[in-house]
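*Asks:* Sharing a structure with you now.
No value in this document is a laboratory result; all are computed from the given coordinates. Quick caveat, the model's predicted, so the values are computed rather than measured. Backbone-built Cβ (ideal geometry, glycine too); neighbour counts: all protein chains shown.
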Amino acid sequence: TQLLEQSPQFLSIQEGENLTVYCNSSSVFSSLQWYRQEPGEGPVLLVTVVTGGEVKKLKRLTFQFGDARKDSSLHITAAQPGDTGLYLCAGIHGNNRLAFGKGNQVVVIP
Amino acid sequence: SAVISQKPSRDICQRGTSLTIQCQVDSQVTMMFWYRQQPGQSLTLIATANQGSEATYESGFVIDKFPISRPNLTFSTLTVSNMSPEDSSIYLCSVEERRTGGSYEQYFGPGTRLTVT
């Protein structure tokens with residue numbers, strides 16, 4: 001079973017549209033991280049959310065950590081082709097190691 | 001944040017052979033990690049490489065198949081031994097940095113794309 005479930009797995013939108021992707025778990029995490037991975041590259045850390053209910057903004061990206069610290073969402077406003085990539089969420093679990101979801105593949109069409 | 005490089009960036013190998021992947025970090029780090037990312041799957045931790053001690057392997061991964069070296073605080077290698085097509089994957093090296101407040105953040109190399117024929 002996957003510790004972190006990400007949905008939707010694949011999302012294709014037009015440039016300028018908004019989108020939201022989700023990362024859900026039945027487990028509580030002390031923190032969650034979001035990464036973006038582009039083809040041929042390793043994942044790049046975007047943000048770490050630590051406090052339940054926390055909202056962090058990174059330009060047009062808004063990250064929210066659920067109140068119960070079991071889930072998180074990523075909202076992109078006015079998506080650009082440069083936002084295309086695989087968005088991975090990750091959380092520290094029992095053995096103090098990061099567990100990753102399968103990712104949300106986002107494609108922004110010019 | 002740490003800057004990580006990996007060599008080779010990609011390779012196509014024959015089954016039954018072995019490939020050693022190198023990971024170089026631009027700063028000294030205590031812990032280095034090796035991940036596998038198979039198509040359509042999440043990143044799976046193979047092992048944690050500590051300098052001066054044997055690597056710690058995750059369930060499902062063994063030293064005979066994935067021997068790891070960690071000769072100093074900036075370098076590690078992962079060998080994929082006796083390869084089969086099922087080993088075709090992206091292999092990623094990463095390091096961990098601790099942030100104020102106690103959270104950890106991981107930084108990844110660009111990955112090595114391995115295809116076994």
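*Asks:* Could you work out the relative contact order of chain B, using alpha carbon pairs under 8 angstrom and six or more residues apart, expressed as a whole percent?
*Replies:* Numbers: 285 pairs, mean separation 41.9, N = 117.
About 36 percent, as a whole number.
*Asks:* Using Cα-Cα distances under 8 Å and only pairs 6 or more residues apart, what relative contact order does chain A have, in percent?
*Replies:* In percent, rounded to a whole number, it is 36.
*Asks:* Efficiency by 1/(1 + (r/R0)^6): what FRET value for B:Glu58 and A:Thr77, r their Cβ-Cβ distance, R0 = 30 Å, to the nearest 0.05?
*Replies:* For R0 = 30 Å, the calculated efficiency reads 0.20.
*Asks:* Along the charge dipole of chain A, pointing to its positive end and built from +1/-1 on Cβ of Lys, Arg, Asp and Glu, which listed residue (A:Val55, A:Phe10, A:Tyr22) has its Cα farthest out?
*Replies:* A:Val55
*Asks:* What is the distance in Å between the Cα centres of region B:14-55 and region B:65-90?
*Replies:* 6
*Asks:* With chain A treated as a Gaussian network of Cα nodes joined by springs under 10 Å, which of A:Gly52, A:Gly66, A:Gly40 yields the largest mean-square fluctuation?
*Replies:* Highest fluctuation of the listed residues: A:Gly40.
*Asks:* Taking every alpha carbon pair in region A:15-110, what does the distance histogram look like in 5 angstrom bins from 0, in percent?
*Replies:* Pairs per bin, as whole percents: 3, 14, 25, 25, 18, 10, 4, 1, 0.
*Asks:* Restricting things to alpha carbons, tell me how big chain B is in terms of Rg and Dmax, in Å.
*Replies:* Answer for chain B, Rg first and Dmax second: 13.8, 47 Å.
*Asks:* State the answer as a single residue: which of B:Thr77, B:Ser53, B:Gln14 lies farthest towards the positive end of the charge dipole of region B:1-110, with beta carbon charges of +1 for Lys and Arg and -1 for Asp and Glu, about the Cα centre.
*Replies:* Of the candidates, B:Gln14 comes out farthest on the positive side.
*Asks:* Between A:Thr62 and B:Ser84, take the C-beta separation as r, use R0 = 41 Å, and let me know the FRET efficiency to the nearest 0.05. Provide the component values of the computation, followed by the final result.
*Replies:* Details: r = 44 Å, r/R0 = 1.06.
Efficiency, rounded to the nearest 0.05: 0.40.
*Asks:* Still on this structure, please answer the following. For B:Asp11, A:Asp83, B:Asp64, what's the fewest-to-most ordering of other Cβ within 10 Å of each Cβ?
*Replies:* Details: B:Asp11 14, A:Asp83 20, B:Asp64 7.
Result, fewest neighbours first: B:Asp64, B:Asp11, A:Asp83.
*Asks:* Using a 4.7 Å Cβ cut-off, which Cys residues in chain B lack a partner cysteine?
*Replies:* B:Cys13, each lacking another Cys Cβ under 4.7 Å.
*Asks:* Additional query: With charges set only on the Cβ (+1 for Lys and Arg, -1 for Asp and Glu), what does the dipole of chain A come to about its Cα centre, in debye to the nearest 20?
*Replies:* Magnitude of the dipole: close to 280 debye.
*Asks:* Output wanted: per-residue J couplings in Hz (rounded whole) for region A:58-66, from phi through Karplus 6.51 cos²θ - 1.76 cosθ + 1.60, θ = phi - 60°, x for Gly and Pro.
*Replies:* Karplus values, whole Hz, x for Gly and Pro: 9, 6, 8, 9, 10, 10, 10, 9, x.
*Asks:* Let me ask something additional. My understanding is that a pair violates if its Cα-Cα distance is over 26 Å; which of A:Lys59/A:Lys102; A:Lys57/B:Lys7; A:Lys57/A:Lys102; A:Lys59/B:Lys7 do that in this structure?
*Replies:* As for pairs spanning more than 26 Å Cα to Cα, those are A:Lys57/B:Lys7; A:Lys59/B:Lys7.
*Asks:* Say R0 is 30 Å: what FRET efficiency, to the nearest 0.05, do A:Arg97 and B:Ile12 get from their beta-carbon distance?
*Replies:* Between A:Arg97 and B:Ile12 the formula returns 0.45.
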